[in-house]
Each structure stands twice: as structure tokens, then as C-alpha cells.
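Enquirer: My questions all concern the structure below.
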Amino acid sequence: MKTPPTQGPFVINAKVENGNDYNSVVDTVRWLNYYEDYGFVALASVPYTNGGFTLTLPDVVEDKYLSTVLDIQLEGITISNRQAKGIDLTLAAFKSGDLRGYFYYGKNLDGLSYIPPISAEFSYWDSDLTIKGTGTISIIGYYTYTATYDVTLKKGWNIIYGLPDSSGANHITYTTATQIGLKWYCNAPTTVEPVVPAPPQPSSRLFKAGMAPSAPLSAL
């Protein structure tokens, strides 16, 4: 797999942690995104087999699917190019056309480690930009935390990593500096009951929250 940022083909060869446990409950991986004009759209779909999947992301994403960077108006945070448009990568697990859960890329995301987890967000951008500085972010109905951005995004595909404060403080640093030891995880239930776990939120908060569905989407 090429290491983002890249303007060429970006292939994800994912072996999911305990991936064979999902062979009977997941058969398809879909890249989902939400648009006011279209609703939920599957931008790509590949089979889930033998505990993993392979997804080739496009060199160029059509402009109609892109969104401008979230209008972050926080003291101390500077966005170099507010005309830049992008899209994040939400990967959903389906079985027989029904949404079962989501895939995540990161470290210590299984809840079994005392080490704070590292989250990773794939995103495509149509032009270069940087996001720098520290500010307070409030997630309405959830919590407030301090975020430090040290993000340099290139045209093409990138990965933004969310690094929590090891001291347990409510502080996250977002960076594009490569992290090691990351794995793919899935939160689909390994039983036949149609329980759909909560969708992931974009880790960097660069896009509007709530873009992933939390109910079966058999129409996709």
C-alpha cells in the first residue's frame, strides 16, 4: 500500500483484527458518504472475504462528491486554504444488503489496552492545505475537548492521525506524521441479530459529523 499523501492509485489491503470472526456476518465493504441532494451514496463496493478486503481508491474523486473544509472558527487554529474540498473515507460492513457495522483503522481500538488509542482518518483533497494551532472543540450533546492541529494535506489521499494525551487529559493532537503499528478493526456484531453499532465520527472534525447511517440501508 502506498503511504499517503499520494496522487496515484491508493490501494487498501486490509486484514481485519480477528477478521475471520466476521466472515459469516459480513459479505461486502462499502464506502459510504452522505449528501443533502442524494442521501447516502455508496461510492465503492468490494467483497469481504477471508477476514479482510482490498479496496482501490480513485486517483480523482468527482467534484460533486466533495465538501469544503468544515468552517472551523476557533481562536488559535488557522486553515491555509478554505477553498479546498475533500471527502473522508467511511467504510461500512454489509451482509445481504443490510448494514451491520463499520471498519476502523488505528491502534489499541479494541478496548483491551491501557494505552490510549490512536485513530486514523483517510481523506481525499482536491488541493493542498495546512491546518495548524490549538483550540477547544465542543461536540453538542457529547463533550468538549482541546484539539491541536499539526496537519499538512496534499492533493490526493492523506491519513490524519488522532493522538490522545497519554496523561488522560481531554486533549487530542491531529497530525499527518506517519504512525506505526496500526490495524483494521470491525465493530459488526458476530451474531445474526441485526444490531448496528454507532457509526464512526470523522476523527479530525474537518467534515460535518453524522455523515454515516445508523440504520439498515438495504437500498444501497
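Enquirer: Considering only residues that are assigned to a loop (DSSP other than H, G, I, E, B) and at pLDDT below 90, which ones fall in region 90-119?
Expert: Those that are assigned to a loop (DSSP other than H, G, I, E, B) and at pLDDT below 90: N108, L109, D110, G111, L112, S113, Y114, I115, P116, P117.
Enquirer: Go through region 64-93 residue by residue and tally those that are over 13 Å from S127 (Cα atoms) and basic (K, R).
Expert: Counting residues in region 64-93 that are over 13 Å from S127 (Cα atoms) and basic (K, R) gives 1.
Enquirer: Condition check: small (G, A, S), modelled with pLDDT under 85 and in contact with a Ser or Thr (Cβ under 8 Å, 6 or more places away or on another chain). Does S204 satisfy that?
Expert: yes
Enquirer: Let me ask another. In region 76-95, what count of residues is obtained for those that are β-branched (V, I, T), touching a residue at least 60 places away in the same chain (Cβ under 8 Å) and more than 17 Å from A188 (Cβ to Cβ)?
Expert: Residues in region 76-95 being β-branched (V, I, T), touching a residue at least 60 places away in the same chain (Cβ under 8 Å) and more than 17 Å from A188 (Cβ to Cβ): 2 in total.
Enquirer: Being farther than 20 Å from N33 by Cα, at pLDDT below 95 and within 17 Å of the chain's Cα centre (by Cα), is that true of even one residue in region 120-138?
Expert: No, because not a single residue in region 120-138 is farther than 20 Å from N33 by Cα, at pLDDT below 95 and within 17 Å of the chain's Cα centre (by Cα).
Enquirer: Please go through (1) modelled with pLDDT under 90; (2) of a type outside the set (F, W, Y); (3) under 19 Å from N187 (Cα atoms) for T49 and return the number of the only condition it doesn't satisfy.
Expert: Single failed check for T49: (1).
Enquirer: Then there is this: From the list V29, V11, V61, pick out the single residue that is out of contact with any Gly (no Cβ under 8 Å at 6 or more places or on another chain), modelled with pLDDT of 95 or more and closer than 20 Å to S123 by Cβ.
Expert: Exactly one residue qualifies, and that residue is V29.
Enquirer: Give the residue that is farthest from I87 (Cα to Cα), with candidates limited to residues of region 172-201 that are surrounded by 14 or more Cβ atoms within 10 Å (Cβ to Cβ) and modelled with pLDDT under 85.
Expert: Within region 172-201, the match that is farthest from I87 (Cα to Cα) is T190.
The values are calculated or read from the model by the stated rules, or taken from the named source; none is laboratory data. Computed from a predicted structure; not experimentally measured. All Cβ positions, glycine included, derive from the backbone under ideal geometry; neighbour counts span all protein chains shown.
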